[in-house]
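The structure under discussion appears below in the form of C-alpha cells.
The values are calculated or read from the model by the stated rules, or taken from the named source; none is laboratory data. Bear in mind that the values here come from a model prediction, so they are computed numbers and not experimental data. When we count neighbours, we look across all protein chains shown, and the Cβ atoms used for this are built from the backbone with ideal geometry, even at glycine. Surface accessibility is based on the protein's heavy atoms, side chains included, excluding ligands, DNA and RNA. Shrake-Rupley method; radii C 1.70, N 1.55, O 1.52, S 1.80 Å.
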Amino acid sequence: MHVNYSIDRLATAARLALDLAWAKTGATAPNPPVGCVLLDAAGDIVAAAAHERAGAAHAEAAAIAICRARGQLDRIHTAVVTLEPCSHTGRTPPCVDALLTTGAKIILLGAPDPHPRAPGRGLEILKAAGRHVLMFSDLEHGEARDFARSATRLIEPFACAVTRARPFVTVKTALTAEGSMIPPLGQKTFTSDISLNHAHTLRRRADAILTGSGCILADDPSFTVRRVPNHPEKQQILAILDRRHRVPDAYFERARKRGLQPLRYDSLHAAMEGLGARGVLEVLVEAGPTLRRAVLAEGLWDEEVVFQQANTAGAPDKMHILRCDGAIPFSYEAPTSLERVQ
Ligand SMILES: NC(=O)c1ccc[n+]([C@@H]2O[C@H](COP(=O)([O-])OP(=O)(O)OC[C@H]3O[C@@H](n4cnc5c(N)ncnc54)[C@H](OP(=O)(O)O)[C@@H]3O)[C@@H](O)[C@H]2O)c1
C-alpha cells in the first residue's frame, strides 16, 4: 500500500472512528454502532461521523454527506470504517454503493460484517471495484491489534443477536469486601463513586436491563442512567422476572414515568427471546444473587463485570471482567482508576 502520509494518520483515524462508534453503543439497536473517518491524500481528516440510531444515515453515508455539504467530496482519498460496509438495502441504501460514489482509494476496516446474510460481500465488492481494502489488524502500527480487538468487541452484541438469535448478556455484580452481594443494612449501594459511574456507563450501553422481583422488592431501584449523560430520547427496556407477580403495578407505573419500558417475564428464556425479538442487542443483568445464579447456571451470559469493594478504607475497588467463553476480556470504557484484576 502506498500512501503519502504517515501510518500514524491512519491510526489516529482508526482511534477516532472507534471513539465515535463506542459513544453510540446503546443508541443504535437493532443496528450495530459504527464510526467512519474520511481522510484526504495528505492524511488530514475531511469528515467523521457515527451511525446515530436506527433509521438515521449509516456512518459512511453520514460522513460522505458532511463532505458533500462542504463541497469537499473530491478530497476523499481514504475511508476508515469500524465495520465492513453493508452491501444490502435496509432502511437505508447500501454503504458500499455510497463509498463507491467517492474516490476513496484506500478503505481501512475494523471488523468483518458478522451478519450471515452476505458474509464478506461488502469487502469483495469494494476490492472488485479496484479499491485497496485492508483491516485494522493489517496496519503496521503498534496499536493495530488493540484497534482490531476494539472493533470486534464493539459489534459483539450485534454479532450475538444475528448469529445466536439472542442479545449479548452482561452481568453486573457488586460485592462487599467480604464477598456478599447484599448491601449493609439501610444501604442500596456500597461500592465507590468510580465503580458506580462505570456501572451507569454499562447501563447506558445496554438496550435492556434485566432484574428480578427480589431486587425490586428490596431496593425499589430506579434503574435510570444518572451518573453519565444518557442517549437523548432513549427508552430503555426494564425486563422484570416476576413469576409470582409480586412486583406491584405502582412500580411499573413509576418506571414508565421515569422513561423506562417495564415488561414482566415468567422465565429467563422467554425474556431472552422476547428481548431479542424487540431488537435488543445488549442486556445488562442487574439482579440479586438468586437471578444472577440462574443466569450463570443456564449459561445465558457473555460477560460479567464484578466490582468488589476494597477492604482498606480509601483503596480503589477491584474490577474483574469474566467471559463465558474464556476469552481475554476487552473493555473500552473501564476507568483506569479501578484496580483491574484478570
Ligand atoms: N450486589 C449486587 O450487585 C446486587 C444487585 C441487585 C440486588 N442486590 C441485592 O439482592 C437482594 C435481593 O436478592 P434476590 O436474590 O431476592 O433478588 P433477585 O435475584 O433480583 O430476584 C429473585 C427473584 O427473581 C424471580 N425469578 C424469576 N425467574 C427466575 C429464575 N429463572 N431464577 C431465579 N429467580 C427468578 C424470583 O421471583 P418469582 O418466583 O416471583 O419469579 C426470585 O425470587 C437485595 O438485598 C438487593 O439489595 C444486590
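Per-residue accessible area for T82 at 1.4 Å probe radius, Å² rounded to 10?
The value for T82 is about 0 Å².
Report P(r) for the chain: all Cα-Cα distances, bin width 20 Å, range 0 to the bin holding the largest distance, values in whole percent.
Spelled out per bin, shortest first, that is 30, 52, 18, 0.
Quote the relative contact order of the range 229-342 in percent (integer), defining contacts as alpha-carbon pairs under 8 Å separated by 6+ residues.
Values: 99 pairs, mean separation 18.7, N = 114.
Result for the range 229-342 is 16 percent.
Under 1.5 on a/c is rounded, so check that first for the range 239-342, then, if it is not, pick prolate when a/b is larger than b/c and oblate when it is not; a ≥ b ≥ c are the square roots of the alpha carbon gyration tensor eigenvalues.
Values: a/c = 2.08, a/b = 1.59, b/c = 1.30.
Taking the square roots of the gyration eigenvalues as a ≥ b ≥ c, the range 239-342 is prolate.
Relative contact order for the range 174-234 using alpha-carbon pairs under 8 Å, separation at least 6, rounded to a whole percent? Display every interim value, and only then the final one.
Working: 31 pairs, mean separation 18.2, N = 61.
30 percent.
If I build a Gaussian network model for the chain, linking alpha-carbon pairs within less than 10 angstrom, which residue out of A206, A218, A104 has the largest mean-square fluctuation?
Of the options given, A218 has the highest mean-square fluctuation.
Applying 1/(1 + (r/R0)^6) with R0 = 45 Å to the Cβ-Cβ distance of E178 and A277, what FRET efficiency is obtained, to the nearest 0.05?
0.65
Go through K24/K172; K188/K318; K172/K234; K24/K188; K127/K234 and tell me which ones have a Cα-Cα distance over 27 Å in this structure.
Details: K24/K172 20 Å; K188/K318 19 Å; K172/K234 21 Å; K24/K188 29 Å; K127/K234 38 Å.
Going by Cα-Cα distance, K24/K188; K127/K234 fall outside the 27 Å limit.
Output the antiparallel fraction of DSSP beta bridges having both residues in the range 195-342, as a percent to the nearest 5.
Values: 6 of 22 bridges.
The answer is about 25 percent antiparallel.
How much area per residue is accessible in the chain when the probe is 1.4 Å and only protein heavy atoms are counted (Å²)? Could the numbers behind the result be given before it?
Working: 15440 Å² over 342 residues.
That works out to 45 Å² for each residue.
With a ≥ b ≥ c the root eigenvalues of the C-alpha gyration tensor of the range 160-284, is it rounded (a/c under 1.5), prolate (a/b larger than b/c) or oblate? Please report the intermediate quantities before stating the final value.
Values: a/c = 1.44, a/b = 1.25, b/c = 1.15.
It is rounded, given that a/c, with a ≥ b ≥ c, falls under 1.5.
So what's the net charge close to V228: Lys and Arg +1, Asp and Glu -1, counting the other residues with Cβ under 11 Å from its Cβ?
Summing Lys/Arg as +1 and Asp/Glu as -1 gives +4.
On C-alpha positions alone, give me the angle between the axis of helix 7-22 and the longest principal axis of the chain, in degrees, nearest 10.
Around 40 degrees separate the two axes.
Is it possible to state the helix-based mean residue ellipticity at 222 nm for the chain, with each DSSP H run of 4+ residues giving -39500 (n - 2.57), the sum divided by total residues, to the nearest 500 deg cm²/dmol? What is it? Before the final figure, lay out the partial values.
Details: 11 runs with 109 residues, N = 342.
After summing the helix terms and dividing by the residues of the chain, the value is -9500 deg cm²/dmol.
For the pair R244/D97, report the inter-label distance in nm, with labels modelled 7 Å from Cα in the Cβ direction.
5.7 nm
Provide the net charge surrounding H320, with neighbours chosen by a C-beta distance below 9 Å and charges set as Lys +1, Arg +1, Asp -1, Glu -1.
+1
Roughly how big is the chain's charge dipole about its Cα centre, with Cβ charges of +1 (Lys, Arg) and -1 (Asp, Glu), in debye to the nearest 20? Before the final figure, lay out the partial values.
On the way: 40 positive and 37 negative charges, 151 e Å.
Result for the chain is approximately 720 debye, rounded to the nearest 20.
For I328, put the label point 7 Å out on the Cα→Cβ axis and report which residues of the range 65-106 keep their amide N under 18 Å from it.
Flagged as within label range: none.
What is the extension gain from R340 to A294, computed as 0.36 nm multiplied by their sequence separation minus the C-alpha to C-alpha distance, in nm to one decimal?
14.0 nm
Could you compute the net charge surrounding T163? Neighbours are other residues with a C-beta less than 14 Å from the C-beta of T163; K and R count +1, D and E count -1.
Numbers: positive: R117, R164, R166; negative: D113, E156, D302, D325.
Here the charged neighbours net out to -1.
Just check the range 64-155 against the gyration tensor rule for me: Cα atoms, a ≥ b ≥ c as the square roots of the eigenvalues, rounded for a/c under 1.5, and otherwise prolate or oblate depending on whether a/b exceeds b/c.
Details: a/c = 1.68, a/b = 1.21, b/c = 1.40.
Oblate shape, in that a/c is at least 1.5 and b/c is the bigger or equal ratio.
Once fully extended, how much extra length lies between I194 and I7, figured as 0.36 nm per residue of separation less the alpha-carbon to alpha-carbon distance?
Numbers: separation 187, 0.36 × 187 = 67.32 nm, distance 3.53 nm.
Extending this stretch completely gives an extra 63.8 nm.
By how many nm would the segment from A129 to A310 grow when fully extended, if each residue of separation counts as 0.36 nm and the alpha-carbon distance is taken off?
Working: separation 181, 0.36 × 181 = 65.16 nm, distance 5.67 nm.
Between A129 and A310, full extension yields an extra 59.5 nm.
Which translational diffusion coefficient, to the nearest whole µm²/s, is obtained for the range 103-184 from the Stokes-Einstein equation, given a Kirkwood hydrodynamic radius over C-alpha pairs, 25 °C and 0.890 mPa s?
Details: Rh = 15.7 Å.
The diffusion coefficient I find is 156 µm²/s.
Among bridges DSSP assigns within the chain, what percent are antiparallel (round to 5)? Don't skip to the answer; put the middle values down first.
Numbers: 15 of 50 bridges.
Percent antiparallel among DSSP bridges in the chain is about 30.
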